[in-house]
Amino acid sequence: MPYLLLVHSSLPAINENSLFLVLRVKLSSMKSLLLSSRFILFSPISISKCASFQALASPHERSINKIQLLHESNPKLFLSDSSNKSALMLHYANNGLFSEAQSLWSEIINSSFVPSIELISNLMESYSKLGKFDEILMILDEIATRNFEISQETHSRAVTCFGNAGKLELMEEIINKMASKGFQIDSFVGNSFVKYYSVHGSILEMEYAYQRLKKSRILIEKDTIRSMALAYITERKYFKLGEFSRDLGLKRLNAGNLIWNLLLLSYAANFKMKSLQREFLNMLDHGFKPDLNTFNIRSLAFSRMGMFWDLHLSLDHMKNENVFPDLVTYGCIIDAYLHRRLARNLNFALDKMGPGRKPVMNTDPLVFEAFGKGDFHASCEILLESCEERKFTYEKLVRIYLKKWHRSNQIFWNY
């Protein structure tokens, strides 16, 4: 049985040469005993050297209990250090002790110590996770009234904080406050504003936020473009997705092929094959080289429509552009042939795809949101995740999948 030195909270000041109470406890019950309000752990040297306690406590629990130990042993000395105050305040906020956290925050903000932006950001995140949004607004007001240099950055972090929580009205309020105070609304804040409306708002609200961003002449970033595209795809608004792609500017170079691929996806998802082919040729005429996503968007549409000749032409084009197929490309070919009972002709297409390579999956997830995952793709993902140690090639995956497909068509009679 290991010994632990436990000191009752009602006893007087701890002396290094004194021994007040020694209890023999089991390791299984030690943790619950330490969490009791009647006892605190005491070690004259350091809590980190108590091996029995370290065996049960996680690194986070050890750091928190060390903070509590230091605070309990000598509160005045502990709180004289501003970094200790900050750590204890965050600990209180993360554990729902808002009155204690607010008390320490008042001491910090009313002292000569200027809190760092990291401290304020962590405190706002803690309040946000527990739904204490009024406290966040109070923090912003206190920072603004003291004219700290970090006031603008604090408001920017608050936009992210409210946006992550889906509080769009509060996020809008912070944006208006920033404008009224003369704070610059930079690209990060503007793009975050549109992004959170695309995640938590309606299509109309998202489009209104996008128009406001355009009027401010802030360039919309790739992450925001993807977030808005996901909103359109989720709502099956493919016509609006195409309009959005054109509005962004098809000649824009710093977004790569993303905008062109979204335009092609808007036609492919609705199986408008003539428009898909026309825009693909326009993409080539503008000097853009198709990438894997471009080919897979077209291949998925060809596969679902049973357009085998176009599938083979797309494979030849991929080979000429030195673009290697992935699981999605293989799935387009295999699903197209098997669903139309043409498995005997499958090798004609697979031989030109390099079946000896290691399987990869590099297609943009936005494509799956529009088309979903094919049978071959979904089956191979499950197999690769369950057998990570085995080395697969496309050829092995195709062989395993064909066996599964063949057996699924058999009828077994039980007598």
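The values are calculated or read from the model by the stated rules, or taken from the named source; none is laboratory data. Everything numeric here is computed off the predicted structure, so don't read it as measured data. In this analysis, Cβ positions are derived from the backbone assuming ideal geometry, glycine residues included, and neighbour counts consider all displayed protein chains. Only protein heavy atoms, including side chains, enter the accessible area calculation; ligands, DNA and RNA are left aside. Shrake-Rupley method; radii C 1.70, N 1.55, O 1.52, S 1.80 Å.
Which distance in Å, rounded to a whole number, links the C-alpha centroids of region 162-211 and region 280-340?
Each part's Cα centre sits 38 Å from the other's.
Grab the other residues whose beta carbon is less than 10 angstrom from that of ASN110, score K and R as +1, D and E as -1, and report the net.
Taking every Cβ under 10 Å from that of ASN110, the sum is -1.
Could you report region 273-415's accessible area per residue, 1.4 Å probe, as an integer in Å²?
60 Å²
Considering only protein heavy atoms and a 1.4 Å probe, what is the carbon-and-sulfur percentage of the accessible area of region 275-401?
Answer for region 275-401: carbon and sulfur cover 51 percent of the accessible area.
Suppose R0 equals 35 Å; then what is the FRET efficiency for HIS200 and SER99 from their Cβ-Cβ distance, rounded to the nearest 0.05?
Efficiency for this residue pair is about 0.70.
Once the Cα atoms of region 290-415 are picked out, what are the Rg and Dmax in Å?
14.7, 57
Can you flag which of LYS240/LYS272; LYS251/LYS272; LYS129/LYS373; LYS240/LYS274 are past 25 Å Cα-Cα?
From the list (LYS240/LYS272; LYS251/LYS272; LYS129/LYS373; LYS240/LYS274), the Cα-Cα distance tops 25 Å for LYS129/LYS373.
Please report the orientation-averaged projected area of region 202-247, defined via the convex hull of its C-alpha atoms, in nm².
3.0 nm²
So if R0 is 30 Å, what FRET efficiency would LYS274 and ARG357 give, r being the distance between their Cβ atoms, rounded to the nearest 0.05?
Efficiency at R0 = 30 Å is approximately 0.35.
Mind checking the full-extension length gain between GLU142 and ASN254? Use 0.36 nm per residue of separation minus the Cα-Cα distance, one decimal, nm.
Using 0.36 nm per residue and subtracting the Cα-Cα distance, I get 36.3 nm.
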